[in-house]
2 protein chains.
Amino acid sequence: MSVTAAQGFTAAGIAAGIKEGGKPDLALVVNQGPRLAAAGVFTSNRVKAAPVLWSQQVIKDGQVSAVVLNSGGANACTGPLGFQDTHATAEKAAEMLGHSAGDIAVASTGLIGIRLPMDRLLPGIEKACAELSAHSGEKAAIAITTTDSVHKTAVVRGEGFTVGGMAKGAGMLAPGLATMLAVLTTDADVDAATLDTVLRRATAVTFDRVDSDGCMSTNDTVLLLASGASGTVPDTGAFAAAVQEVCQDLCRQLIGDAEGASKDIRIEVTGAASEADAVEVGRSIARNNLLKCALHGEDPNWGRVLSAIGTTSAVFDPDRLNVAINGVWVCRNGSVGEDRSLVDMRYREVRITADLSAGEESAVIWTNDLTADYVHENSAYSS
Amino acid sequence: MSVTAAQGFTAAGIAAGIKEGGKPDLALVVNQGPRLAAAGVFTSNRVKAAPVLWSQQVIKDGQVSAVVLNSGGANACTGPLGFQDTHATAEKAAEMLGHSAGDIAVASTGLIGIRLPMDRLLPGIEKACAELSAHSGEKAAIAITTTDSVHKTAVVRGEGFTVGGMAKGAGMLAPGLATMLAVLTTDADVDAATLDTVLRRATAVTFDRVDSDGCMSTNDTVLLLASGASGTVPDTGAFAAAVQEVCQDLCRQLIGDAEGASKDIRIEVTGAASEADAVEVGRSIARNNLLKCALHGEDPNWGRVLSAIGTTSAVFDPDRLNVAINGVWVCRNGSVGEDRSLVDMRYREVRITADLSAGEESAVIWTNDLTADYVHENSAYSS
């Protein structure tokens, strides 16, 4: 049900001809109200695509009436003309929907450095508007995929309200940002300021802790739109939990579909002096190419975990580090622990626990292994 | 000629049985004086191998009479017993050579988390001492290799003095440290304080700017030993230039032999507001897995260069970034530049220039592409 699971939203997903081969490549999500509240988080990459620069302006007043998303081109590094293309996209949707262009967010994904084919995209918006429906959430989710092997949707039902969402992403999943394109919708009656607080906290512990390949995109966008159509003013804690659950569900799907990956790796850093330390250590482990290769080879190479921890500024004593892989404490007190041959590495999910023995804080970072398929996919596909 | 090119040094390289298959795995370098001056730089990884902890103490008084190096085991993450093994190694060499153990540096490379076979290593030191010769520099260089496909040596002749060296390294080449094992020797008559200054500056712009796979080792060590045997007190500038040239020569060999690589990538960052900015941007580009895959596929994907620049804190305006690949300015002013099909990517060396348009400073960072062979080598080989 995706973005149309919540009341008050319609969506469409169509083939505008932006991608070769007639695949769906244009999605539209429209908030029918009565509220048009919205919040967004965007890539922290300083090289931002035109639609990110545009949508950051749109979101400032906390009001978004519709989102236009396209795959088949990122509209990044396209200069002033690229920004004009995004503006024209919003203007076209505004004209068709009878809205203000200043309330239309835009998101794009695909190749960097190429202008979008506006002669196809603008007619595509007309077509998408004609196909808007409260049952087309899945179609919208399909239309935003790029190298994804499956589309990603999630729905959580709260007491009297629903939160739904869609996401795309299969590479360039890194922290410090929203991490990919995602649109979440809710029929809860929530103001924009609350949406902003809830979305920032949810993404900080979900999308921001996924690090598939350490690469940060120019286009990452997560939007949360509230229609208020359920009439329910939810308990903020319950609402925040539902939003976080949808984000977490989508994240797990992103990791499970990362380019070329054969292992989904859950890194839990415990015993940290601060949450920031735990996150820094988790990211360092997640970005260690040698470890990612070893795990691909089903080698529980804890030396590479210690080596990665050692590059951080976190509080720890090297002689008090403990590491478990799939529940076996292969490293104790910075040295050899239990027999590494006891580690069962046959399954897709690998769990690493790194205990810093320096405090009570913890964090979980997700990553993938590094495979020959990842290399093939990213050396053959110009993305 | 390696470490025995300079007068006043003998060396040996033998098979002690540390590695399987009878390959050379133990090297010894002895300074015959009259000077025993030395300087060293070590990994900045906070998880340091026992020989690094030992040699950092040895180097403190600026005097080193011999270096024992072994491949086949890193003696890292081996706890107090591992440190005792390093101590015993130095004691054994001291006993054989009639030196003080406190003047014997030790360096190890190989698998982390495994104790060294001291029952083979100690007799190996006896054997190495018996084979010491002023003509065995190459043998020593061969004995320290691990996954290297060739051993690495370099020699530079100055006016009345010589600087020679050997290095090993084929993976885990990352900046912020010495980057691998290297021993440089000179017969110039130079004191330890000068050696320290010269070595730190040389490694900062050579070994420290090689970033093959972003992974930082627990064992990296670069030592510079001076015998004074030439009797020449060199001009400090000329001496520093010679040391830097040997370091640069060894670095280029390390990059040319990086695990699984098919491209050697020279990243020059120009127009930076500071040298630190140039280095930060160069490292970020060097560590971008997506770019490294694209270059492997001979795709001049400048969008990934911009995306990597965008993650740094360097001074720049996204709309004033320029990028050239092999001399073709494929990106101008943050947007599409010359036709990317003009870029000839057939050769092993790839040159990227990233112009930040923010100042006059520059830096060069070397890296490699990311290949399926790298994945295979590091998923099959427990290292």
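Here chain B has an Rg and Dmax of 21.4, 67 Å, counting Cα atoms alone. Applying the Karplus relation 6.51 cos²θ - 1.76 cosθ + 1.60 with θ = phi - 60° to segment B:349-360 yields 3J(HN,Hα) values of 8, 10, 10, 10, 10, 10, 9, 7, 6, 10, x, 10 Hz, where x marks Gly and Pro.
Which lysines, if any, have their Cα less than 21 Å from the Cα of residue A:19, not counting same-chain residues under 8 positions apart? Within the straight-line limit of under 21 Å, residue A:19 reaches these lysines: A:92, A:127, A:139, A:152, A:168.
Apolar share of the accessible surface for chain B: 49 percent from carbon plus sulfur atoms, 1.4 Å probe.
Relative to the longest principal axis of the Cα atoms of chain B, the long axis of helix B:79-97 makes an angle of roughly 60 degrees.
Once both axes come from the Cα atoms, what is the angle between helix B:236-256 and the longest principal axis of chain B, in degrees from 0 to 90, rounded to 10? Taking the Cα atoms of chain B, the angle to B:236-256 is about 70 degrees. Comparing A:74, A:21, A:99 along the charge dipole axis of chain A, the residue lying farthest to the positive side is A:21, per the Cβ-charge model. Axis angle, to the nearest 10 degrees, between helix B:192-204 and the longest C-alpha principal axis of chain B: 30 degrees. Applied to segment B:369-380, the Karplus parametrisation 6.51 cos²θ - 1.76 cosθ + 1.60 on θ = phi - 60° returns per-residue 3J(HN,Hα) values of 7, 9, 10, 4, 5, 4, 4, 4, 4, 9, 9, 8 Hz, with x for Gly and Pro.
Hey, any idea what the orientation-averaged projected area of the convex hull of segment A:199-265's Cα atoms comes to, in nm²?
Numbers: hull surface 22.5 nm².
Answer in nm², one decimal: 5.6.
Put a plus charge on the Cβ of each Lys and Arg, a minus charge on the Cβ of each Asp and Glu, and nothing anywhere else: the dipole of segment B:80-188 about its Cα centre is then about 320 debye. Between residue A:115 and residue A:317, the simple label model (points 7 Å from Cα in the Cβ direction) yields a spacing of 6.4 nm. Projected onto its three principal axes, the C-alpha set of segment A:284-342 covers 29, 24, 14 Å, listed from the longest axis down. Each residue of segment B:222-229 was assigned a 3J(HN,Hα) from its phi angle through the Karplus curve 6.51 cos²θ - 1.76 cosθ + 1.60 (θ = phi - 60°); the sequence is 10, 10, 10, 10, 10, 9, x, 5 Hz, with glycine and proline shown as x. Chains B and A together bury roughly 4000 Å² of accessible area, counting both sides, with a 1.4 Å probe on protein heavy atoms only. Ranked from shortest, the separations from the 7 Å Cα-to-Cβ label point of residue B:119 to its equivalents in the other copies are 8.0 nm. Across all directions, the average flat footprint of the convex hull enclosing the Cα atoms of segment A:264-380 is 6.7 nm². Placing A:126, B:275 in order of accessible area, with the largest value first and a 1.4 Å probe, yields A:126, B:275.
For segment A:70-85, a reduction of at least 40 Å² in accessible area between the chain on its own and the assembled protein chains (probe 1.4 Å) is found at A:77.
Report the equivalent ellipsoid semi-axes for the protein assembly as shown in whole Å, largest first, defined as the square roots of five times the eigenvalues of the gyration tensor built from alpha carbon atoms.
Details: eigenvalues 584, 155, 77 Å².
Result for the protein assembly as shown: semi-axes of 54, 28, 20 Å.
Averaged per residue, the protein assembly as shown has 33 square angstrom of accessible surface, using a 1.4 angstrom probe with ligands and nucleic acids left out.
The values are calculated or read from the model by the stated rules, or taken from the named source; none is laboratory data. Just so we're clear, the structure is a prediction, and the values are computed from it rather than from any experiment. A quick note on method: Cβ atoms are made from the backbone with ideal geometry, for glycine too, and the neighbour counts reach across all protein chains shown. Only protein heavy atoms, including side chains, enter the accessible area calculation; ligands, DNA and RNA are left aside. Shrake-Rupley method; radii C 1.70, N 1.55, O 1.52, S 1.80 Å.
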